Amino acid sequence: MKINKYMVSPSVPKELEPLLEITKNFWWCWNQKAVNLLRSIDIDNYDKKDHNPIRVLGESSQECFYNMIHDDAAMMNLAEVYDEFKTYMKQETWYASLDDSQKVENEKIAYFSFEYGLHESLPNYSGGLGILSGDHLKSASDLGLPFVAVGLLYRKGYFKQYLNADGWQQEFDIENDFFNLALEKVLDSNGETMKVDVDLPGRKVYAQIWKANIGRIQLYYLDANIEENSVEDRDITAQLYGGDLETRIQQEILLGIGGIKALKKLGIKPTIHHMNEGHSAFLSLERIRQLMVDDKLDRNSAREVVYSSNVFTTHTPVPAGNDVFPIEMIKKYFADYVKQIDMTMDEFLKLGRINPDDEKEDFCMTVLALNLSAENNGVSKLHGHVSRGM
């Protein structure tokens, strides 16, 4: 039996159609005029729907729209916010105003992070790392930096917390409805959903690509919850920091290696790659592989290119916050891959060890990122001091 799929869109009166454009770009969430406007559509519904204007437009009554259309002040606010949004998207930015001598020709910065805290309506973050990632994108948009971002789209995001009647902290999961968020699937030239694949032991895992607009910046998400994958592999992007160590390495392979493949498929050629924490450090391997295949560079030349154009930021100043994988697990997942970049397994393992010659030391993603990045930084002077000590 064939199952037909349908996409249902909110029925918004023509006079209010600018709302559809505004709500599909997270610019609104750091513009207070826009927040007030969207909240005024249906105040009760706005608070009940996690302040998600996409859901508000889809679930508010036609009476709310009618009242807004016949409210001169509301329509004036809509016109002002829409004009401000259009102006923001078109106006000259700080980066655009720089002298050509201060820019790199065709520069593009690819920013990779495990989580992005853009707004509570898209709970794909858990704390400081995600909030900082989200703020980086908003600031990059304001400055007009040539940024593109890559992350994973988690079906359950991160758990929410509450206090029960006895005062004990409790957690519960929520299921993200991607079709009722400010997200859109990326389509290929044939109008089909764009997908990438990564190799895991004995199989391929596929991920579809979604896009979120953050002002002038595009954030591309990878989502493994598709029918091409087994039930187990669909859960790779089930939850941020969920699952076990196997889940974590699979997520990091998808983010790092799959993320680089996604940029290539999108036709984006970054000059700089910024790893926000070590979760995405496997991207360096895929960059080396592509340079060897596409540009016919030898291993050492490819590694030098990657090293000189990688930036790494470390965040967590405690050992437990830096991902470490057992040697046998690394061998399991990369036995075939290291051959593609002309390395022996021993050479590869040394890249993830503080003491390269200690064969008993496990493989650390932070060390891998440090070894393959020319520029490394922390998030404060004190943090840098502590991290160097580690």
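Please give the solvent-accessible surface of Tyr162 in Å², to the nearest 10, using a probe radius of 1.4 Å with every protein chain present. In the full protein context, Tyr162 sits at about 110 Å².
Ranked highest first by average number of other Cβ atoms within 10 Å, how do 24-33, 258-267, 337-346, 65-74 line up? Kindly include the intermediate steps, with their values, before the conclusion.
Numbers: 24-33: 18.4, 258-267: 20.4, 337-346: 15.4, 65-74: 13.8.
Averaged packing, sorted descending, gives the order 258-267, 24-33, 337-346, 65-74.
With θ taken as phi - 60° and the Karplus curve 6.51 cos²θ - 1.76 cosθ + 1.60 applied, the whole-hertz 3J(HN,Hα) list for the stretch 287-298 is 5, 4, 4, 5, 5, 5, 7, 7, 9, 6, 7, 6 Hz, x standing for glycine and proline. Couplings 3J(HN,Hα) of the stretch 272-277, computed from phi: 10, 10, 10, 9, 8, 6 Hz, in residue order, whole Hz [Karplus 6.51 cos²θ - 1.76 cosθ + 1.60, θ = phi - 60°; x for Gly and Pro]. Modelled label positions at Glu120 and Glu246, each set 7 Å beyond Cα in the direction of Cβ, lie 3.7 nm from each other. State the three equivalent ellipsoid semi-axes of the stretch 297-361, derived from the C-alpha gyration tensor as the square roots of 5 times its eigenvalues, in descending order and whole Å. Listed largest to smallest, the semi-axes of the stretch 297-361 are 22, 18, 11 Å. To the nearest 10, the accessible area of Asp358 is 60 Å² with a 1.4 Å probe. The tail of the calculated P(r) for the stretch 174-266 beyond 18 Å holds 46 percent of all Cα-Cα pairs.
The residues of the stretch 332-390 expose, per residue, 58 Å² of accessible area to a 1.4 Å probe.
Close amide H pairs (under 5 Å, H built 1.01 Å from N) link Phe312 with Met275, Glu375, Asn376, Asn377, residues at least 5 positions away or on another chain. Modelled spin-label separation between Lys381 and Glu63, with each label point placed 7 Å from Cα along the Cα-to-Cβ direction: 6.1 nm. The rule of thumb for compact globular proteins, 2.2 N^0.38 Å, goes into the C-alpha radius of gyration of the stretch 1-130 1.33 times.
Model label sites at His70 and Ala374, defined 7 Å from Cα along the beta-carbon direction, differ in position by 6.5 nm. Helix 299-308 and the longest principal axis of the Cα set of the chain meet at an angle near 50°. Scaled against the 2.2 N^0.38 Å expected of a compact globular protein of N residues, the Cα radius of gyration of the chain reads 1.06.
Listed values for the stretch 95-102 are Karplus-derived 3J(HN,Hα) couplings in whole Hz (6.51 cos²θ - 1.76 cosθ + 1.60, θ = phi - 60°), namely 5, 5, 7, 5, 5, 4, 5, 9, and x replaces Gly and Pro. Here the chain carries DSSP beta bridges of which approximately 50% are antiparallel, counting only pairs with both residues inside. A straight chain from Lys48 to Tyr88 at 0.36 nm per residue would run longer than the Cα-Cα distance by 11.4 nm. With R₀ fixed at 41 Å, the C-beta to C-beta distance from Ser308 to Glu232 puts the FRET efficiency at about 0.60.
The values are calculated or read from the model by the stated rules, or taken from the named source; none is laboratory data. This one's a predicted model, so the numbers in the text were calculated from it and none came from an experiment. Virtual Cβ from ideal backbone geometry, glycine too; neighbours counted across all protein chains shown. In case anyone asks, the SASA skips ligands and DNA or RNA and just uses the protein heavy atoms, side chains included. Shrake-Rupley method; radii C 1.70, N 1.55, O 1.52, S 1.80 Å.
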